[in-house]
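Report on the structure given below.
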Amino acid sequence: MIFFTKLLSPKSFYECSTHCLPWILMCFILFFSYGLIGGLFLSPADYQQGDGFRIIYVHVPSAMAAMAVYLVMAICGILTLVFRIKLAAIAMSASATLGASFTALALITGSIWGKPMWGTWWIWDARLTSMLILLFLYIGFIALQSVISHPENRDRASSILAIVGVINLPIIHYSVIWWNTLHQGPTISKWGTPSIAPQMLYPLLSMLVAFMLFYAFILLLKMRQQILLREKKSTWVREILCISTK
Amino acid sequence: MHFHEIIYMGGFGAYVWPAYGITFFIFGLNILSALLQKRHTKKILQQFFKDENPS
């Protein structure tokens, strides 16, 4: 508990992230390489979709990462509003562009996959539309952050948006169950009756972990910069800057 | 597996490879954005300390 309390101080977090970053990068490279090679070359072709199904290895991880990032932002929003934790506000702000890029990637790769399988690039299907709404939520969040100059007001307003927008996550997840859609049902969330062969599943799980590690890596890099800017009047920032500019 | 088969992907190469290409592009953009932010922060902080302590 003391460790977590200490980690909430910007200085301790900055120092801890310095040690964590190389490990996160190394793990990302390992998981991404296995996922990429396994997904593209080692897993067998699908009996219905042939090699076209290999888009799943970038589409599903990006979609799940997009949702996970938004959930992290909403949790950070609560921590910012209720407990006024500075680091939570910084994490929320640093996550937005990453989440938006994952959502855009999920929509683009889904569209590329849809063309040979459904015969169309886009359809106003429940899953696709709810993902598009998630992208608009991210864009709205980024716009809101850029228009409010006062840090406390900006954190408060964007926290509220992040928390309100979280209602879209269960809609995205259950859209394929609640509505009759072109999009296929859950593939890897059905742990009881998995609908994917192990040779196809392991690279997919590896890619999922790789996407989350990539998020953690970029998030830490961005948070470190924002911490330095917000804490620029502290002595420790001066010391770090002097060391790095020698 | 021949090179041609890898590129052709059973007729789906035109869809599979662009999807992976876009993934790499978006990953690259995120890395570039983080590196640019680092450079920008360094400049702002150097200016801040210079203004604060002109000597």
Exercise for the section: Collect the residues in region A:149-169 that are in contact (Cβ under 8 Å) with a residue 60 or more places away in the chain and acidic (D, E), keeping them in residue-number order. Expected result: A:D155
Handout entry: Matching residues, region A:212-243, being without any contact (Cβ under 8 Å) to a residue 24 or more places away in the chain, at the interface with chain B (Cβ under 9 Å from one of its Cβ atoms) and either among the polar types (S, T, N, Q) or surrounded by 19 or more Cβ atoms within 10 Å (Cβ to Cβ) (or both)
Key = A:Q225, A:V237
Exercise for the section: Please indicate, with yes or no, whether at least one residue in region A:38-58 is more than 12 Å from chain B (Cβ to nearest Cβ), part of a helix (DSSP H, G or I) and of a type outside the set (F, W, Y). Expected result: yes
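Mind telling me which of the residues A:F31, A:F13, A:F41, A:F53 ends up being surrounded by fewer than 23 Cβ atoms within 10 Å (Cβ to Cβ) and touching a strand residue (DSSP E or B) at 6+ places or on another chain (Cβ under 6 Å)?
Of A:F31, A:F13, A:F41, A:F53, the one residue that is surrounded by fewer than 23 Cβ atoms within 10 Å (Cβ to Cβ) and touching a strand residue (DSSP E or B) at 6+ places or on another chain (Cβ under 6 Å) is A:F53.
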Practice task
Can you give me the number of residues within region A:161-183 that are surrounded by fewer than 16 Cβ atoms within 10 Å (Cβ to Cβ), of a type in the set (V, I, T) and part of a loop (DSSP other than H, G, I, E, B)?
Solution key: 1
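Values quoted throughout were computed directly from the atomic coordinates according to the rules given, and no laboratory measurement underlies them. Everything numeric in this text was worked out from a predicted model, so none of it was measured. All Cβ positions, even for glycine, are placed from backbone atoms using ideal geometry, and neighbour counts span all protein chains on display.
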